[in-house]
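Chemist: First, the structure itself, so that you have it in front of you.
Just so you know, all these numbers are worked out from the coordinates, no wet-lab data involved. Treat the numbers as computed from the prediction; the structure is a model and nothing was measured. Using ideal geometry, Cβ is built from the backbone for each residue, glycine included, and neighbour counts are taken over all protein chains shown.
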Amino acid sequence: MTGIETMTQAANSESFYAGALGRISRLMIVLAIALSAAAWWRYGWRVALGFAFGCAVSYLNFHWLKRVVTALAERATKPGGQRSSGGVVSRFLLRYVLMALGAYVIFTVSPASLYGLFAGLFLPVAAIACEAAYEAWVALARGI
């Protein structure tokens, strides 16, 4: 391989891996819809509703976590004035308060839905596993 081919391949692999967060977000939406429908068919509407709510909470949690990490990274790498990190920390803690509140409401309405909620909270894990499998397949097929 020449130096130009190596640099081109490195640029291609870098752009491919840079798109991972976007693909994970889209996979979360697709998996939430497909698995909510499967839960409705297999376990009924209460569990499916809890699962859909758990998916929504985990999707929001994933995006809020991305924003918090980005804000903390910018704060750590930017020279200049000291910005307060109180807002970043309060948003970080608010995520867990909202998840606990949602679990409490679902538990009081229908305890059976709580199982679906907990299963839905694992949505990012399923999306990341799908992304890892896709990246492995692309690496083997294209040699990235």
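Chemist: Would you mind computing, in nm to one decimal, how far apart the modelled labels at PHE118 and TYR96 are, each placed 7 Å from Cα along Cα→Cβ?
Modeler: Going from the PHE118 label point to the TYR96 one covers 1.9 nm.
Chemist: Same structure, new question: Could you size up the charge dipole of the range 39-144 around its Cα centre, putting +1 on the beta carbon of Lys and Arg and -1 on that of Asp and Glu, and report it in debye to the nearest 20? The partial results should precede the final answer.
Modeler: Details: 10 positive and 3 negative charges, 58 e Å.
Approximately 280 debye in magnitude.
Chemist: Could I ask something else about it? Mean residue ellipticity at 222 nm from the helices of the chain, using -39,500 (n - 2.57) per DSSP H segment of n ≥ 4 over the full residue count, to the nearest 500 deg cm²/dmol?
Modeler: Helix contribution divided over all residues of the chain: -30500 deg cm²/dmol.
Chemist: Still on this structure, I have one more. Which of rounded, prolate, oblate describes the chain, given a ≥ b ≥ c as roots of the alpha-carbon gyration tensor eigenvalues and a/c under 1.5 marking rounded, otherwise prolate only if a/b is larger than b/c?
Modeler: oblate
Chemist: Take the Cβ-Cβ distance between THR70 and ALA141 as r, set R0 to 35 Å, and report the resulting FRET efficiency rounded to the nearest 0.05.
Modeler: Using R0 = 35 Å, I get an efficiency of 0.65.
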